[in-house]
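Structure record follows, encoded as structure tokens.
Throughout, read-outs are computed from the coordinates displayed, never taken from laboratory work. Since we're looking at a predicted model, the values are computed, not measured. No Cβ is skipped: glycine too gets one built from the backbone with ideal geometry, and neighbour counts run over all protein chains shown.
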Amino acid sequence: MQILYFGRLREVFGRSEEFLPAPPAASVAGLLTVLRERGGVWADELAEGRAYRVAVDQEVVAEGAPIKADSEVAIFPPVTGG
Amino acid sequence: MQILYFGRLREVFGRSEEFLPAPPAASVAGLLTVLRERGGVWADELAEGRAYRVAVDQEVVAEGAPIKADSEVAIFPPVTGG
Amino acid sequence: MDKVSVSVQAADFDLAEEYGRLAGDAAVGAIVQFVGRVRDHCDGNAIDKLTLEHYPGMTEKVLTEIGERALARWDLHSVRIVHRIGPLDLADQIVLVQVASAHREAAFEAAQAIMDFLKTEAPFWKQEATAGGGTRWVDARDKDDRAAQRWQKDPT
Amino acid sequence: MDKVSVSVQAADFDLAEEYGRLAGDAAVGAIVQFVGRVRDHCDGNAIDKLTLEHYPGMTEKVLTEIGERALARWDLHSVRIVHRIGPLDLADQIVLVQVASAHREAAFEAAQAIMDFLKTEAPFWKQEATAGGGTRWVDARDKDDRAAQRWQKDPT
């Protein structure tokens, strides 16, 4: 699956996108666990209670939402447009 | 005192202004009594409970408001601008 | 620039020109422009033309007072009110309210309140001409009175 | 004309041109234009420049969905949303929301709600540059969340 990062998280993570293999029956919660296991800024920024949003196929979703192999996932801070 | 009429009341009364001598201790209520005594459309349109406004010196006032000899009085329907 | 500016005029107004008054001012973060126009229907009647009568002198006084009331209540940069008088055609512009502020909440609320006050306090009267050739004075609406009343409460 | 029209662009927008989309339409009695601009202060910091990042594709999708939500809730003629991206200077225009309706209440409420939804849902991120040369990502504000939440109630 493709993962996109935006705003402050793009800067902190040092990347705007990456590709990960989608494990079977993948969910947002599962992906977050994988990312947190990287430690450092990943564990910090994606810790429970931190303010970030996850979108799957361009729709903001809750942690239980499923991710398909060809899903476009995005992780970003609360939005500040307008 | 000068009396101005606007909108529908100007049409119904057939005049846009007139001059009346101001009686001593004149008030809006006193003026309305004088005008109603003309009967016809005057009595109809200015009857109690009808919707009209009275302004003295360009400020909408209640019936108890005083009128001076040199006051500019205006009587008009509820406004409909905007 | 004056904080409150008011015009009552027969001539049309130009939205871009009015907006230009605020050009380059970095204290202004939010601008709300409201434009009211002549609609083809009013209270279920098909309209052909509209004539706006007003009370010269009192109109300008009331509009200025309404603008100052908004400035006293909300944190605003400026208020501009333009209202046309005389004969108007369908889709013609009638009124402009332009409110500038640092913040959008203040700009929106003030613009809405100014329109509500204007509708119930400013001495204008509309006479419609229908397609058949008749004329009719527009009735004031209870709805406008209720809209104006809500601003009597304190802001929440 | 489409009832909902959305643009996400680096180029500036022209208010008069946007208003011109509604020219001569006598079904439109009320137009509300909201313009958000780059202000010289944000959360107490002096600002020099602003850069707007966005999520291409999702941005347009969310803005369109917000416009359609407003159309479903209020009696509107049309909704136009323009949002700029990339580097912006002080006093530059950032966002335009233009709502046309038969009635002013609907136009005001819809424009305000659209801005509240946009502020909390549309994937844009602001990065400020201060006069000293530093940069800072703007924080989301609880105030904007609360503003958006009020539209969850039914209209009164």
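Structure values in brief
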{"item": "Long-range HN-HN contacts of residue B:72 with modeled amide H, under 5 Å", "result": "B:57"}
{"item": "Cα lying deepest toward the dipole's positive end in the protein assembly as shown, options C:127, D:67, A:40, charges on Cβ", "result": "A:40"}
{"item": "Centre separation in Å (Cα based) which lies between the range D:48-120 and the range A:5-34", "result": "29"}
{"item": "Whole-angstrom Cα spans of the protein assembly as shown along principal axes, big to small", "result": "93, 49, 34"}
{"item": "Lysine pairs with alpha-carbon atoms under 20 Å apart, chain C, spacing 8 or more or separate chains", "result": "9"}
{"item": "Simple label model, 7 Å out from Cα along Cβ direction - residue A:2 to residue B:62, nm", "result": "7.1"}
{"item": "Amide H contacts of residue D:47 (H built 1.01 Å from N, under 5 Å, at least 5 apart or other chain)", "result": "D:41, D:42"}
{"item": "Cut-off under 5 Å, modelled amide H: who pairs with residue D:6 long-range", "result": "D:81"}
{"item": "Square roots of 5 times each gyration tensor eigenvalue, C-alpha, the range A:1-68, largest first, Å", "result": "18, 13, 13"}
{"item": "For residue D:145, inter-copy label distances in nm, listed shortest first [label point 7 Å out on the Cα-Cβ vector]", "result": "4.3"}
{"item": "Per-bin percent of Cα-Cα distances, chain D [5 Å]", "result": "2, 9, 18, 20, 20, 14, 10, 5, 2, 0, 0"}
{"item": "Estimated vicinal HN-Hα couplings, Hz - the range C:46-53 in sequence order (Karplus 6.51, -1.76, 1.60; Gly, Pro = x)", "result": "6, 9, 10, 8, 9, 10, 10, 9"}
{"item": "Quotient of C-alpha Rg and 2.2 N^0.38 Å, computed over the range C:15-73", "result": "1.58"}
